[in-house]
Structures are given as structure tokens and as C-alpha cells.
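*Asks:* If you scroll down you'll find the structure; I have some questions about it.
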Amino acid sequence: MKIIRAEHLGMCFGVRDAIALALDQAQAQPLTILGELVHNETVLASLQQKGIRIEHQPAAVTTPTVMITAHGASERMMNRVRERGLNVVEATCPLVHFAHRAVAKLVEEGYHPIIIGRRDHVEVRGLTEDLPEVDVVLCETDVDAIRDHPRFGVAAQTTQPIERVRHLVSLIRRRFPNSEIRFMDTVCQPTK
């Protein structure tokens, strides 16, 4: 077994900023966070002890103010929040915003989008829910299931290991040698 020690430990700046914003907002008004602000039960329990609510669907929000997590949200989800007339506190990480813009640009330029990431992860749902067609891949089997297209635009969940991303991009290029493949590196620097 090989053990790799991380150079940096703890939460990235996007999550740290979102936690600070949540604590600040909760002092001024009742606040519900739409989803888990961080994948850390201890931090989530601490936020709840401070009166911050956590819900996973806009319909369950009972406070006048809702916060979008650092993971971002799709436009479809944002519309559901707006339809409820809720005040929105936006805490999406700037690097996740970059990933959203990158995917939108690829689609706008006529590329079939491929997202490297976990299909059930909140960030990936935010990147994909508004797209009429998209492939989400995490392994070679997922790449094998992609149908042929003349142009592919590839981006990644910001927290995917860069080695996995590079490997999957290589597999996509090998599987579709006659297709144009454009890769937008959306893996965030803290992850790299």
C-alpha cells in the first residue's frame, strides 16, 4: 500500500469563505443553506448549533433567506429558489463559477459536453442539470458508453484528482480519434 501525504490539509478557500459568509448572514437573519456547505459532519453540526438550517430542496426552506453552497447550483435550481421569493446569498466558489462558464462556452460553441466527475455530486448536478445532453464519466466503462460525436468538450468537477482527469481525457481522445476534443481544465488549484 502506498500512502500519499497531502501537502495542504483542511478546507479550500471557497469552503472557508462560504462558512464565514454563512456565520455572518446567520447573525443578521434566519438562514437556510441549500445543501451541505461542506462534506464534514462536524462542521455541519456546528452550523446547525448556531441556528443555521440545512435543507436539500427549495420547497423545504422555511426561512426568508437561503444560501447557495460553494458547490454552486444549476440555473434550474436557482429558478426554483427565485420562484419561492427567497432572498439568495450566493456562496458559490469562484472556481466553480469558472467551471460553469467553461461548460456553457463549450456548449455554445457546439461541443457535446463531457463532465469528468461523480454524477451524484452536487457540483456535477449543478454543471449538468441545465444541459439537454451531457455525458458524465468517472471511469473507463463510462468512457466506453459515450456515443460518437464530431466534437466533444470536456471539463471536470473541480475537486477531481488531476491524474484521473488526464487519464480520462486520454481515453476519450483514444476512443474518438476522428473527433475534435477540446479540454477545459476546470480542476481547481487547491485540488491539484
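*Asks:* Which value, in Å³ per residue, describes the convex hull spanned by the Cα atoms of the stretch 144-192?
*Replies:* Normalising the Cα hull of the stretch 144-192 by residue number yields 65 Å³.
*Asks:* Along the Cα→Cβ direction, 7 angstrom out, place labels at residue 88 and residue 65. What is the inter-label distance in nm?
*Replies:* Computed distance between label sites residue 88 and residue 65 equals 1.6 nm.
*Asks:* Run the numbers for residue 5 and residue 76: contour at 0.36 nm per residue of separation, minus the present Cα-Cα distance, in nm.
*Replies:* Between residue 5 and residue 76, full extension yields 21.7 nm more.
*Asks:* Now for a separate question. For the stretch 90-192, what does the convex hull of the Cα positions come to per residue, in cubic angstrom?
*Replies:* 91 Å³
*Asks:* Return the Cα extents of the stretch 13-92 along principal axes one, two and three, sorted largest first, each rounded to a whole Å.
*Replies:* Principal-axis extents of the Cα atoms in the stretch 13-92, largest first: 31, 22, 19 Å.
*Asks:* Given Cα positions, please report Rg to Rh for the chain, the hydrodynamic radius being the Kirkwood one.
*Replies:* The Rg/Rh ratio comes out at 1.01.
Since every read-out is calculated from the coordinates, none of them should be taken as a lab result. Keep in mind that what you see is a predicted model, and the values were worked out from it rather than measured. Cβ coordinates were reconstructed from backbone atoms using ideal geometry, including for glycine residues, and neighbour counts include every protein chain displayed.
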